[in-house]
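Engineer: The structure follows.
All of the numbers you see were taken from the coordinates with simple rules; none came from a lab. Being a predicted model, the structure only gives us computed values, none of them experimental. Note that we place each Cβ from the backbone using ideal geometry, even for glycine, and neighbour counts take in every protein chain shown.
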Amino acid sequence: MKHYHESLNKKSRLTLDPLASQPDVSMLAPMEPERLRARIGDALRIQNDYYPCFDWTFPPPITQKVRGAVTPQQLFEHPSAVPGRYSIYLHVPFCQSLCKFCYYPVIPGQHDDEMDRYVNALVSEMQLYAPVMAGAECESIYLGGGTPTHLPPRLLAQLLEALQRHFRIARDAEITIESAPGTLPADKLALLKGLGVNRLSYGIQTLDEKLLAGLNRNYTVAGAKAELDNAVRILGNVNIDTMYGFEGEPKSALLDTLRAFIDLGVPCVSIYALDGQRCNSDRAKDVPAHDAQFDHKIHTYRAAREFLDVHGFRPVLQNIFLQPERASYRHQLRRWENLPLVALGMSSMGYAPRRLYQNQISLKVYYDKLSRGELPVMEWEDLTPQLEIMREVVSQLRFTEVNLKRIHDKYGVDVGQVYRDLITALVDLGYVEHRHGVLRLTDAAAHYNNIIPMLFAPDEFKEVIYGLPEEYRENFPLPFVLTQVGATQSRPFPMGKAETASC
Ligand SMILES: C[S@@+](CC[C@H](N)C(=O)[O-])C[C@H]1O[C@@H](n2cnc3c(N)ncnc32)[C@H](O)[C@@H]1O
Ligand code: SF4
């Protein structure tokens, strides 16, 4: 059974220009380079309205998903773009309290029995995947949440030991755990290190006491700094999550926070613009469609990027910066190289070769499926070989840069030729830089950073979008822009390595 994904339906992700025309299927016919350039110029009167919007995926979440029972063997049936390697994401939904701004699927409070039950369910899920992954090596594990370090030491040990037992984990695997202040006493950190954890992601958001007081996060700045100081000394490879764009935020709040962390020796920082539309609190209902802080956020983001650059931090994703000799974030980088990702836990998202999938969002259904010995997958979406290649290209362009030679070596497809006119048009319009075979978005593309990379969607994928009922095109602005620009390929995809392998 096919169905459309409704939960990510957000009308307000773009500001729509009333002059934009209705989609016209004749636009999918190949066109002259000059016409393509004019159409892109026209369509880009439509901007994304939040910046930098980080919950962005390609292909966009409007495509048809498949629901039903699936075995791990069926899920992982296609050849991989990265043979013999994979990674694991494991979701732990428990948190001390529900932060006002957070939009992740979390269970706040102390629920000892539920935690036990959940960890046992995760172990059964690992058992289902173990035989299928036995021939390959796991190169990174990410325990995310929620707040995994909210689990008691006994359950953290059970989880990490089960991962070691069921999967072949590379000796140099990057093993990350997410944490929040107040959940990481020194003995827990030492235990985690002993269990193989070698990277910490610590969500601290801000050191501004006044802002903190309004976020429903229960800790003191001094306590958080002490935990963090300990983590930097013991693990070294530590990221902190910070946020900006809060109401009433002093102009210097983000830079002051970053400066304090640099003084503490933190080697990796993530900076998130507050996405007020999707937070869990009722307040989200009243958030207007257009982000009044858009320009303030762009300004704050650029100031932070420059500040971090001066201190030797380099971007690994648009909003994540690290000092290369002191920190790593392989897990996230490899995700955009189409490395398979085994998803464990409720609502987790995974990637089997040419197949995006998500686990059950309902905890009850997640447990029910596992108790029947079934994989708790809720839905999946198949990618064509072309779409898989372009997932890598489009995501890398959106998040940092894309090296076209590497793509050619990996997939046997010259993307520079397939999209020759599109690249020329974007360079002429000043939105993309093309140097030595590497494509990068320019600062002028900031208002369109969710849109421009999507123009590299294969034309056959755009046909799917044209075929959607009108209500879907209206409700999902990103695909609407694709229908405004029409065809963008200069020539068909040649038969690449991925396609040959599946024949
Ligand atoms: C899975 S969450 C957090 C991990 C940890 N539990 C914590 O307390 O931060 C990952 C990060 O997403 C960011 N985040 C959560 N909700 C957000 C929102 N509404 N807008 C922007 N960023 C958000 C926060 O920086 C958060 O640290
Ligand atoms: S920000 Fe972190 S601690 Fe707060 S509710 Fe979200 S996941 Fe939990």
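Engineer: Can you sort Phe321, Phe294 by how many other beta carbons sit within 10 Å, fewest first?
Structural biologist: Neighbour counts put them in this order, fewest first: Phe294, Phe321.
Engineer: Given R₀ = 25 Å, what would the calculated FRET efficiency be for Glu114 paired with Lys193, taking r from the Cβ atoms and rounding to 0.05?
Structural biologist: Efficiency computed from Cβ-Cβ geometry: 0.40.
Engineer: Same structure, new question: For the stretch 67-197, calculate the relative contact order in percent as a whole number, restricting contacts to Cα pairs under 8 Å that are 6 or more residues apart.
Structural biologist: For the stretch 67-197, the relative contact order is 29 percent.
Engineer: Now, a different point. What percent antiparallel are the DSSP beta bridges of the stretch 72-335, to the nearest 5?
Structural biologist: Close to 15 percent.
Engineer: In terms of modelled amide H atoms, which long-range or inter-chain residues lie less than 5 Å from the amide H of Val92?
Structural biologist: Residues meeting the criterion, in which the H sits 1.01 Å from N, are Gly144, Gly145.
Engineer: Follow-up. In 5 Å bins starting at zero, report the fraction of Cα pairs in the stretch 72-335 per bin as a rounded %.
Structural biologist: Per 5 Å bin, starting at 0, the Cα pair percentages come out as 1, 5, 12, 16, 18, 17, 14, 9, 6, 2, 0.
Engineer: Another question, if that's okay. How do Thr149, Thr424, Thr220 rank when sorted from fewest to most other Cβ atoms within 10 Å of their own Cβ?
Structural biologist: By the 10 Å Cβ count, ascending, the order reads Thr220, Thr424, Thr149.
Engineer: Hey, got the dipole for the chain? About the Cα centre, +1 on K and R Cβ, -1 on D and E Cβ, debye to the nearest 20?
Structural biologist: 700 debye
Engineer: When you take every Cα atom in the stretch 33-167, what is the radius of gyration, and what is Dmax, the widest Cα pair distance, in Å?
Structural biologist: Values for the stretch 33-167 (Cα only, Rg and Dmax): 20.5, 64 Å.
Engineer: For the stretch 72-335, what relative contact order do you get, as a whole percent, if you take Cα pairs closer than 8 Å and at least 6 residues apart?
Structural biologist: After rounding, I find 18 percent.
Engineer: How large are Rg and Dmax for the chain when only the alpha carbon atoms are used, in Å?
Structural biologist: Reported Rg and Dmax, both Å: 22.5, 65.
Engineer: Let me ask another. Determine the gain in length on full extension of the stretch Val365-Ala444; use 0.36 nm per residue of separation and subtract their C-alpha separation, reporting nm with one decimal.
Structural biologist: My answer for the length gained is 23.9 nm.
Engineer: How much of the DSSP beta bridge set in the chain is antiparallel, as a percent to the nearest 5?
Structural biologist: Counting only bridges with both partners in the chain, antiparallel ones make up about 45 percent.
Engineer: I need to check one value: relative contact order of the chain, counting alpha carbon pairs closer than 8 Å and at least 6 residues apart, in percent.
Structural biologist: 22 percent
Engineer: OK, next. As a quick test, which of the pairs Lys193/Lys364; Lys100/Lys188; Lys297/Lys462; Lys100/Lys297; Lys100/Lys193 have an alpha carbon distance above 29 angstrom in this structure?
Structural biologist: As for pairs spanning more than 29 Å Cα to Cα, those are Lys193/Lys364; Lys297/Lys462; Lys100/Lys193.
Engineer: Glu374 versus Thr424, label points 7 Å from Cα toward the beta carbon: distance in nm?
Structural biologist: Placing both labels 7 Å beyond Cα along the Cβ direction yields 5.3 nm.
Engineer: What distance in nm separates the simple spin-label points at Glu32 and Arg326, each placed 7 Å from Cα in the Cβ direction?
Structural biologist: 5.6 nm
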